[in-house]
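All remarks here apply to the structure that follows.
Nothing in this text is a laboratory measurement; each read-out follows from the coordinates by a stated rule. Every value quoted in this text rests on a predicted model; they were computed, and no experiment measured them. Virtual Cβ from ideal backbone geometry, glycine too; neighbours counted across all protein chains shown.
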Amino acid sequence: LATWVPVVGLEIHAQINSNSKLFSGSQVQFAAPPNSLVSFFDASLPGTLPVLNRRCVEAAVMTGLALNCSINKKSLFDRKHYFYADLPAGYQITQQRVPIAVNGNLSYSLCIDNKMSQMVTKTVRIKQIQLEQDSGKSLHDDARSQTLVDLNRAGVGLMEVVMEPDMCCGEEAAAAVRELQLILQTLGSSQAIMAEGQLRVDANVSVHHPGEPYGVRTEVKNINSVRFLAKAVDYEIRRQIEELENGGTILNETRAFDSKLGCTISMRDKEGKQDYRFMPEPNLPPLILYDAKSLPANMNHQQVVNIDWIRERLPDLPSVKRAKLVELYGILPEHSFTLLNEDGLAEYFENVIKHTQMKPKKVIGWILNDLLSYLKEHALAVKDSPVSSFLLADLLNLLERREISSSAAKQVFEELWKGEGKTPLEIVKEKQLELLRDQEELEQICQAVIDRQEDEVGVGTFG
Amino acid sequence: EQVPAAVLEHLERLALVDFGDTEGVRRLREAVRFAERLREVDTDGVEPMDSVLEDRCLYLREDDVTEGNCTKELLKNAREKIEEYFVAPPGNIPLPKLEERETFEQQS
């Protein structure tokens, strides 16, 4: 049986988290009245020119540094030409020749065999990061054979992150994207919410036999979540293997993922291969970035992007945060992953630690098993939890001081979840869950139980 | 020299320019010939120039919202609009193939 080696690369477009667009001063906002966030430049009216937004440059530099890239101190803008109704200029301004950042890497982790207890770290090379414009949105009205165009998104800044084909399956692709998402959110360079189109992923997939050259690749688009990314990639790998084993060939084409059917469908363009006629953007000089050494003495600081200044101010990346959590609190690496995977959970955990005497290694169990499962069951985010970190800390203190048993604590937690505003202590008193300390009282209760049982035994033997 | 018909068609399709008649193609040929004179210059070891702006400073703008909110004005240019959306055909309408349309080749 011949083995196949699947090869997966990714092209990720992340919308830059900025107030205004890449080359114009119109607002960046999801969901606004159609064509209300559009300037004359965005609509490509004659006589308008692109003016680069410094915040977008900083976002790209931050992201490049976080992904261990070399930042190109001189990068260039180009025009990529194609015709489509949501691209009013007929070209997109991008960075094809010399992008802002190159040659980085991203480390991500996977669980082996779906067991949280065994994690392995992998790396994917980052080929480059480039700045480019987003296009407008097309709403297809097949019934009336027309397309409605909204240019609100046209001109929004994007960072295209190109990941080399170092991945081998859907799980790896999903894990890499998830880690990139966390990094972008930590940096603040993109909010990276896939559901709002702030993070779009296209997968390049091919298969080949070990030792042979790479096979023909297809590009898979229309992937709307990290979960669907894994499914789409795995489906496409299976489809290609099946096709090749049946003696067929793979076409170098673009395929769309259909989430309902769970398969990829050919989007083959009737017009054949695109010729984008790349040319330098004549209205923009090269983008020059500086560092501490090359900083010009008397330049207006508003006109300067200083790579070293940005590097010094980078926040702790997820991998660093996880390592710190493990070191500080003695929790397991896989626990740190779960803590960072849920927005606000790490902060919640640390706040509980601050307010309780219970050891972190015990607290983590309550966070990951009790709190998290209740949140998941009710589809709630950490910030919407009816049980605040302070309340949970109070409860854990009662448990730690042996004032209640652990099963009683679970009951109190369930009661707290109702969000009726009672404190753990109030619930304990209400339900009489206090652990009995008095030896004599305990003896009385035990004797009463034994007496009752003797009566029952007596009934038993007669009947 | 002749510009091959296939190249002409490719250019017309990419740029949506109609060379129309012999005069249009003649001008194209002249333009190519003019540009080819650049090859006479020895550019060994010379950095290519991107644009006449390349030594200028690229101005960086502050990230403030200063434009937009002119939906009415923008839609004034639209031939068709529906509820503040521009209306376009359902997809790109591919240019008919060379054989199917009248180009200068067929006219001459």
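Remarks
- When each of A:LYS74/A:LYS231; A:LYS80/A:LYS221; A:LYS122/A:LYS221; A:LYS73/A:LYS137; A:LYS122/A:LYS324 is checked by Cα-Cα distance, pairs over 30 Å: A:LYS74/A:LYS231; A:LYS73/A:LYS137
- When +1 charges are put on Lys and Arg Cβ atoms and -1 charges on Asp and Glu Cβ atoms, the dipole computed for the protein assembly as shown relative to its Cα centre reaches about 920 debye.
- The lysines within cross-link reach of A:LYS376, meaning a Cα-to-Cα straight distance under 18 Å and a gap of 8 or more places when in the same chain, are A:LYS410, A:LYS418.
- With neighbours defined as other Cβ atoms within 10 Å of a residue's Cβ, the residues A:MET163, A:MET267, A:MET62 order from fewest to most as A:MET267, A:MET62, A:MET163.
- Residue order, fewest to most surrounding Cβ atoms within 10 angstrom, among A:HIS13, A:HIS335: A:HIS13, A:HIS335
- Arranged from fewest to most other beta-carbon atoms within 10 Å of their beta carbon, A:THR121, A:THR63, A:THR48 become A:THR121, A:THR48, A:THR63.
- By average C-beta atoms within 10 angstrom, highest first, the peptides A:149-162, A:315-328: A:149-162, A:315-328
- Note on B:70-76: average number of Cβ atoms from other chains within 10 Å of each residue's Cβ is 5.
- With K and R counted +1 and D and E -1, the other residues having a Cβ less than 14 Å from that of A:SER336 yield a net charge of -3.
- Cα centre as origin, Lys/Arg/Asp/Glu Cβ charges: region A:5-290 dipole, Debye: 600
- Counting DSSP beta bridges with both ends in the protein assembly as shown, the antiparallel % (nearest 5): 90
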